[in-house]
Amino acid sequence: MAVRAALEWFNSCSGCEIAVLNIGEDLIGFLTKHLELVHAPVLMDHKYQGQCGEGSEPDIPEAEVGLVSGGIANTEHLELLLLMRRRCRVLVALGTCATHGGIPALMNGRGLRQGLEEVFTTATTDPGSSFPTGDVPAPLDRVYACDEKVDMDIYLPGCPPNPRHIAEVLTAVAEGRPPVLPGKSVCDTCPVERKGKGTVAEVRRFLVNAENEGPVERMRCLLEQGFMCMGPVTAAGCSGRGLPRCIAARVPCRGCYGPVRKDGNQMLDMMNALASNGIDFKSVMDRRSLLRFSGAHGRLRPMKKKQ
Amino acid sequence: MAFEPKIIAFCCNWCSYAAADLAGTARIQYPHNVRIIRVMCSGMVHPELVLDALSNGADGVMVLGCHLGECHYQDGNHKALARSDMITELLEDFGFEQERYSISWLSSSEPDRLVKAFSEMTERIRKMGPVDAHDATG
């Protein structure tokens, strides 16, 4: 019997939906045999208040599994999230925005007012550029991860999430078992050579290329080369052809899968790892940006003015 | 009612906890505001423990270890010290005053030093007032 599934997106860029598409040929099997999509704004013209607008309250059909992408940034997102929670038995947070706030939660480091001012006005803007208040949903005070607003059942981080893991979650729900997802760090899935801490005393910015002789597997660990690689504090899962994706391109991990433990703190853990290994933590140029993917849950907050 | 701070003190098993024990048997008074948590080494106090304590309502956090060079595990307290500067600086990022955290070193035969550290910290926090009670999760 086909599993009824609903998709919904909030403060999302649609990359997660493309990741669903990237399941590839297996998706055909899902869609024809195992999955019955009952609601998916990205694909279907399903109206919230009846196809002719006859309903009074927004509603969606009931579903076994709901996949939601994006964080919660305004009242519309919140209303839709609550609706999804009511109508879906298993609710899956798809992508790092839904699990940890993602890139949009960088706004939390500035605060709503300063953020809007920067976006809607500059010294040279013409009059009439003020932030609209009437016809668009009101923004919330900050960007939230989904589980700050409702209980979530499964977390599937990633920017974008790994299509294989999406397939695993869908299969698991269909089979009525918990999904098997990676629980370790990027470093655990990284094959590069580690020779010990060496003499690195500070991390440097990625302005010159890493070693690029020979295969990636023979390259020295990027952190040991002195680059600010977030592998130790980032959840595994991005591995495409056996290698973490950024490492495959000899680029340091930027932390897009969020913290290893769901309630971990990437900035604190990374700074701790550096400090306890004798690397000067002050050599990290902009440490708050280590929370670039996990700024929800109150992690990123506007700097207090010194008194 | 006057403000009575809550202070969490991570004491290492080998020096500072033993000193607290000694303070007890010697009947030396110290402020009741301090709640001691025994850890095996000051070097195992992850910054997250400090931050969690503050986020959950502690008004101050102390880490107490052996004198530098006298760590039971060779260099645990050096690790704690290296982390300490980092914690002090990062506290501001998460909205806490730097003065809410302190680190000090003492041997197991120095209960008076421990009591002094406890008293000074309690006074400092009492002047600062309660921790800005924000909920770290919301």
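The values are calculated or read from the model by the stated rules, or taken from the named source; none is laboratory data. This one's a predicted model, so the numbers in the text were calculated from it and none came from an experiment. Ideal geometry is used to build each Cβ from the backbone, glycine not excepted, and the neighbour counts take in all protein chains shown.
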Of B:Y17, B:Y30, B:Y73, the only residue that is farther than 26 Å from B:V131 by Cβ and hydroxyl-bearing (S, T, Y) is B:Y73
Can you tell me how many residues within the stretch A:266-284 are assigned to a loop (DSSP other than H, G, I, E, B) and either among the basic types (K, R) or in contact with a Lys or Arg (Cβ under 6 Å, 6 or more places away or on another chain) (or both)? 1
What is the residue count in the stretch A:268-289 for residues that are closer than 19 Å to A:T99 by Cβ, surrounded by 23 or more Cβ atoms within 10 Å (Cβ to Cβ) and either at the interface with chain B (Cβ under 10 Å from one of its Cβ atoms) or more than 23 Å from the chain's Cα centre (by Cα) (or both)? 1
Filter the stretch A:239-267 down to the residues that are within 18 Å of A:G226 (Cα to Cα), touching a residue at least 40 places away in the same chain (Cβ under 8 Å) and either of a type outside the set (A, V, I, L, M, F, W, C) or surrounded by fewer than 17 Cβ atoms within 10 Å (Cβ to Cβ) (or both) and list them by number. A:R250, A:V251, A:P252
Filter the stretch A:210-238 down to residues that are assigned to a loop (DSSP other than H, G, I, E, B) and touching a strand residue (DSSP E or B) at 6+ places or on another chain (Cβ under 8 Å) and give me whichever is farthest from A:T99 (Cα to Cα). A:E211
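Matching residues to (1) more than 14 Å from chain A (Cβ to nearest Cβ); (2) surrounded by 15 or more Cβ atoms within 10 Å (Cβ to Cβ):
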{"site": "B:G43", "(1), (2)": "no, yes"}
{"site": "B:L51", "(1), (2)": "no, yes"}
{"site": "B:G60", "(1), (2)": "yes, yes"}
{"site": "B:F96", "(1), (2)": "no, yes"}
{"site": "B:W105", "(1), (2)": "yes, yes"}
{"site": "B:E123", "(1), (2)": "yes, no"}
{"site": "B:V131", "(1), (2)": "no, yes"}
Among A:I60, A:I72, the single one that is in a loop (DSSP other than H, G, I, E, B), among the aliphatic types (A, V, I, L, M) and in contact with a Leu (Cβ under 7 Å, 6 or more places away or on another chain) is A:I60
Under 9 Å between Cβ atoms, which residue pairs at least 6 apart in sequence (or on different chains) link something in the stretch A:94-116 that is in the same structural domain as A:M84 (by TED's automatic domain parsing) and closer than 15 Å to A:R299 by Cα with a partner that is among the hydroxyl-bearing types (S, T, Y) and part of a helix (DSSP H, G or I)? A:G102/A:T96; A:I103/A:T96; A:L106/A:S289; A:G109/A:S289
Among the residues in the stretch A:59-66, are any of a type in the set (V, I, T), crowded, with 24+ Cβ neighbours inside 10 Å and under 22 Å from A:P178 (Cα atoms)? no
Under 6 Å by Cβ, and 6 or more places apart or on different chains, what pairs join a residue from the stretch A:175-195 that is closer than 19 Å to A:E217 by Cα with one that is basic (K, R)? A:E193/A:R220
Meets criteria (surrounded by 11 or more Cβ atoms within 10 Å (Cβ to Cβ), in contact with a Ser or Thr (Cβ under 8 Å, 6 or more places away or on another chain) and either without any contact (Cβ under 8 Å) to a residue 12 or more places away in the chain or of a type in the set (A, V, I, L, M, F, W, C) (or both)) for A:L156: yes
Answer from A:D126, A:D135 - the residue that is among the acidic types (D, E), surrounded by fewer than 12 Cβ atoms within 10 Å (Cβ to Cβ) and either within 14 Å of chain B (Cβ to nearest Cβ) or within 26 Å of A:I72 (Cβ to Cβ) (or both): A:D135
If A:A5 satisfies all but one of (1) part of a strand (DSSP E or B); (2) farther than 20 Å from A:A145 by Cα; (3) in contact with a His (Cβ under 6 Å, 6 or more places away or on another chain), what's the number of the condition it fails? (3)
Can you tell me which condition B:A2 does not meet? The list is (1) small (G, A, S); (2) more than 30 Å from A:P302 (Cβ to Cβ); (3) in contact (Cβ under 8 Å) with a residue 24 or more places away in the chain, and all the others hold. (3)
Could you check, for the stretch A:217-224, whether at least one of its residues is within 14 Å of chain B (Cβ to nearest Cβ), at pLDDT below 95 and touching a helix residue (DSSP H, G or I) at 6+ places or on another chain (Cβ under 9 Å)? no
With the first residue restricted to the stretch A:123-139 and required to be assigned by TED's automatic domain parsing to the domain that holds A:E79, and the second required to be loosely packed, with under 10 Cβ neighbours inside 10 Å, Cβ contacts under 9 Å at 6 or more apart or on different chains are A:S129/A:T122
